[in-house]
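**Q** Pasting a structure below so you can have a look.
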Amino acid sequence: MVLEREAAPGGLCRSVEKGGYVFDIAPHILFTRDEYARGLFAKMLEGNLLTHDRRAYIYMMGTYVKYPFEANLHPLPKEVRDECIQGVLDRPALKPGNFMEWIRSSFGDGIARHYMVPYNEKVWKYPLERMGTAWLGGRVPSPSVEEMRRGAEGEQRVDYGPNALFWYPRTGGIGALPRRLAEGLKVSYNSNAVGVKPTKKGVRVTYEKGGSPRTVESSHAVSSLPLPEIVKIMPDAPEDVVKAASSLIYNSIVCVEVGVRRPAVSDKHWLYFPEPGFVFNRISLPMNFSPETTPPGRSSVLVEVTFRGGQPDLEETKARVLQGLEEAELLGPSDEVEVCDASSHRYAYVIYDLDHTENVSTVHRYLREKRVIPVGRFGEWEYFNMDKSILAGKRAAEGLRGG
């Protein structure tokens, strides 16, 4: 039995329809190096998958730099290109103890100053010197110095990173995948878990549905709740576990959905914005993931704004987003904006602070002792993409049935 708080499956991987446009709750694509996950995508979305060669760029200094930045420096001014290449040659030889040191030792001071530091400061809203490096494996492309030099001289026909080729549903947005996964399962929607308590035989979960409390008992509970939230509803959790859970660091996100009465405002899939003048760090263009997401003759833009702490003013955020899209010349003053909506999501990015491993281990030990199995990005408190979250569920299932 699956207890789902929302009225539809998928959590942050849901999609919504607004004024004829389909937007993901937060932007997602499908990519993986895992054979099982690849087969599952193909099976669940058979006949409903589009394949794309990534068109991702960094917008800065009024121009577009193809992703990854360090391998495609040629659109930038010569002095910036030279500084970036020299920085790579002069990068310090050290074993990085934090994310900032990793950036400088991997890319040098030029790339750090112009792109890596400002972009990551904008995304994480957390001191890079206080972030660890355990999450970086395979996430950041690492071209050679020679490849960087070639990319400074002209365009390279080389793609880097695991998402250079990706898939996306033709119809239904990214939510098409969780909807298929939910078919045939016993899912109780609009069911909010409010209590988890060990019993002699396993676990009792209390949840609210239709305004009344209900309970379900099982030998184990599998939880994708964020670790701070699952501990809050376990009243007997010891002090060290409560402290560890409350010390976990994360970012929140505002997603702004924009529908425009003009076709082809951009031919890109997504764009990064490292410069501080733009409130957003990344935008994606759903109409280029699938034309079925957008009415004919229109364009769609999904904008991400990260924040930490208090809730930002959504109306002000929307206004700043539209202003930024004009400054980036994606929208014009005469464009008719048909849809402009914003939603806020508390848990978006797990932050790997220097105490991440110790705090997560403390919480996980307690949960497993109480027969609660954490899964997914926020249950395992790892920076999982969709394939890794699916594989986390697979591991939990295999563990429950003994392999």
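**Q** Among the helices (runs of 4 or more DSSP H) contained in region 69-134, which hold 3 or more residues that are within 20 Å of residue 271 (Cβ to Cβ), at pLDDT 95 or above and in contact with an Asp or Glu (Cβ under 7 Å, 6 or more places away or on another chain)?
**A** none
**Q** While we're here: Based on what the data block shows, is residue 246 under 30 Å from residue 332 (Cα atoms) and either modelled with pLDDT under 95 or of a type in the set (S, T, N, Q) (or both)?
**A** no
**Q** Report, by residue number, each residue of region 215-272 that is among the basic types (Lys, Arg), touching a residue at least 40 places away in the same chain (Cβ under 8 Å) and surrounded by 14 or more Cβ atoms within 10 Å (Cβ to Cβ).
**A** 262, 268
**Q** Which one is surrounded by the most Cβ atoms within 10 Å (Cβ to Cβ) among residues in region 316-341 that are in contact (Cβ under 8 Å) with a residue 12 or more places away in the chain and assigned to a helix (DSSP H, G or I)?
**A** Out of the qualifying residues, it is 321.
**Q** Next question. Working only within region 153-171, note down all residues that are in a loop (DSSP other than H, G, I, E, B) and either of a type in the set (D, E, K, R) or under 19 Å from residue 37 (Cβ atoms) (or both).
**A** 155, 157, 159, 161, 162, 163, 164, 170, listed by residue number.
**Q** Please find, among 33, 81, the residue that is within 20 Å of residue 275 (Cα to Cα) and of a type outside the set (A, V, I, L, M).
**A** Going through 33, 81 in turn, just one is within 20 Å of residue 275 (Cα to Cα) and of a type outside the set (A, V, I, L, M): 81.
**Q** Quick one: how many residues across region 365-403 are touching a residue at least 24 places away in the same chain (Cβ under 8 Å), within 20 Å of residue 245 (Cα to Cα) and touching a strand residue (DSSP E or B) at 6+ places or on another chain (Cβ under 8 Å)?
**A** Residues in region 365-403 being touching a residue at least 24 places away in the same chain (Cβ under 8 Å), within 20 Å of residue 245 (Cα to Cα) and touching a strand residue (DSSP E or B) at 6+ places or on another chain (Cβ under 8 Å): 13 in total.
**Q** When you scan region 225-233, do you find a residue that is within 27 Å of residue 394 (Cβ to Cβ), assigned to a loop (DSSP other than H, G, I, E, B) and either of a type in the set (Ser, Thr, Tyr) or under 17 Å from the mean Cα position of the chain (by Cα) (or both), even just one?
**A** Yes, the conditions are met somewhere in region 225-233.
**Q** Related question: Does residue 125 count as among the basic types (Lys, Arg) and without any contact (Cβ under 8 Å) to a residue 12 or more places away in the chain?
**A** Criteria not met by residue 125.
**Q** Give the residues of region 266-303 that are touching a Gly at 6+ places or on another chain (Cβ under 9 Å) and part of a loop (DSSP other than H, G, I, E, B), sorted by residue number.
**A** If the condition is that a residue be touching a Gly at 6+ places or on another chain (Cβ under 9 Å) and part of a loop (DSSP other than H, G, I, E, B), then 273, 277, 278, 279, 280, 290, 294, 295, 298 are the ones that fit.
**Q** Being under 25 Å from the mean Cα position of the chain (by Cα), among the basic types (Lys, Arg), closer than 25 Å to residue 147 by Cα and surrounded by fewer than 16 Cβ atoms within 10 Å (Cβ to Cβ) narrows it down to one residue among 33, 54, 104, 38; which is it?
**A** Step by step, each of 33, 54, 104, 38 is checked, and only 33 is under 25 Å from the mean Cα position of the chain (by Cα), among the basic types (Lys, Arg), closer than 25 Å to residue 147 by Cα and surrounded by fewer than 16 Cβ atoms within 10 Å (Cβ to Cβ).
**Q** Could you check, for region 239-260, whether at least one of its residues is over 25 Å from residue 349 (Cα atoms) and in a loop (DSSP other than H, G, I, E, B)?
**A** Looking through region 239-260, none of the residues is over 25 Å from residue 349 (Cα atoms) and in a loop (DSSP other than H, G, I, E, B).
The values are calculated or read from the model by the stated rules, or taken from the named source; none is laboratory data. For clarity, every value in this text was computed on a predicted model and none was experimentally measured. Ideal geometry is used to build each Cβ from the backbone, glycine not excepted, and the neighbour counts take in all protein chains shown.
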